[in-house]
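> One structure, as structure tokens, below. Some questions next.
The values are calculated or read from the model by the stated rules, or taken from the named source; none is laboratory data. This structure is a prediction, so every number in the text was calculated from the model and none was measured. All Cβ positions, glycine included, derive from the backbone under ideal geometry; neighbour counts span all protein chains shown. For the accessible areas, the whole protein counts, side chains as well, though only heavy atoms, and no ligand, DNA or RNA atoms are used. Shrake-Rupley method; radii C 1.70, N 1.55, O 1.52, S 1.80 Å.
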Amino acid sequence: MAGWKPYVDLLMKGTGVKSGGIYGADGALWGQSADLKVTVDEAKNLAAGLKDNSKFQASGVTISGVKYMFLNAPAPGQAIARKGPTTALLVSSAKATVVVLTKDGANPGNVTSHTFVADDLKKKGF
């Protein structure tokens with residue numbers, strides 16, 4: 001997991017980011033911030049929902065045991081969900097799911113670290 005720490009650090013440096021993590025499409029933990037506790041089943045469901053947003057529309061987006069309401073998918077392989085003042089931003093690469101949760105009340109439009117990390121993973125074949 002130490003090899004993924006620089007990517008998690010990049011996620012956390014993003015403006016308005018409270019938590020972040022990177023998970024394999026198979027649900028494996030690649031790296032996450034200390035306060036994020038995504039289970040294997042949750043990570044698998046996130047990957048599946050990013051491939052088929054109807055799964056998020058039907059049952060919401062669950063991250064660390066907290067259910068977020070699915071709002072939209074701005075592009076294929078991306079999703080935005082919200083619970084109260086916190087927004088969940090998700091993006092997938094070929095082999096990974098990148099997740100960030102915003103600080104309470106942060107403008108999710110200003111958060112871009114998750115897409116930067118996902119784009120870098122894509123370039124490297126992940």
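> Filter segment 84-126 down to the residues that are small (Gly, Ala, Ser), under 12 Å from Lys18 (Cβ atoms) and part of a loop (DSSP other than H, G, I, E, B) and list them by number.
At the first step, the residues of segment 84-126 found to be small (Gly, Ala, Ser) are 84, 88, 92-94, 96, 105-106, 109, 113, 118, 125.
With under 12 Å from Lys18 (Cβ atoms) added as a condition, the list becomes 88, 105-106, 113.
Scanning segment 84-126 gives Gly105, Ala106.
> Something else now. Applying the selection to segment 10-23, what residues are open to solvent by less than 60 Å² (accessible area, probe 1.4 Å) and out of contact with any strand residue (DSSP E or B) (no Cβ under 6 Å at 6 or more places or on another chain)?
Start the filter on segment 10-23 by keeping residues that are open to solvent by less than 60 Å² (accessible area, probe 1.4 Å), which leaves 11, 14, 16-17, 19-23.
Within segment 10-23, just Gly14 meets the criteria.
> Identify all residues within segment 48-57 that are surrounded by fewer than 20 Cβ atoms within 10 Å (Cβ to Cβ) and more than 17 Å from Lys83 (Cβ to Cβ); write none if there are none.
From segment 48-57, those surrounded by fewer than 20 Cβ atoms within 10 Å (Cβ to Cβ) are 48, 51-55, 57; that's our starting set.
Selection gives Ala48, Lys51, Asp52, Asn53, Ser54, Lys55.
> Residues Thr62, Thr102, Thr87: which one is of a type in the set (Val, Ile, Thr), farther than 15 Å from Leu121 by Cβ and in contact (Cβ under 8 Å) with a residue 40 or more places away in the chain?
Numbers: Thr62 fails: in contact (Cβ under 8 Å) with a residue 40 or more places away in the chain; Thr87 fails: in contact (Cβ under 8 Å) with a residue 40 or more places away in the chain.
Answer to the check: Thr102.
> When you scan segment 58-80, how many residues do you find that are in a strand (DSSP E or B), open to solvent by 70 Å² or more (accessible area, probe 1.4 Å) and over 16 Å from His114 (Cβ atoms)?
Going through segment 58-80 one residue at a time, the tally reaches 2.
> Which one is most open to solvent (accessible area, probe 1.4 Å), of the residues in segment 81-114 that are among the β-branched types (Val, Ile, Thr) and within 18 Å of Leu50 (Cα to Cα)? Talk me through it step by step, then tell me what you get.
From segment 81-114, those among the β-branched types (Val, Ile, Thr) are 86-87, 91, 97-100, 102, 111-112; that's our starting set.
Those still in the list that are within 18 Å of Leu50 (Cα to Cα) too: 87, 91, 97-100, 112.
Numbers: Thr87: 2, Val91: 4, Thr97: 2, Val98: 0, Val99: 0, Val100: 0, Thr112: 83 Å².
Only one residue fits best here, namely Thr112.
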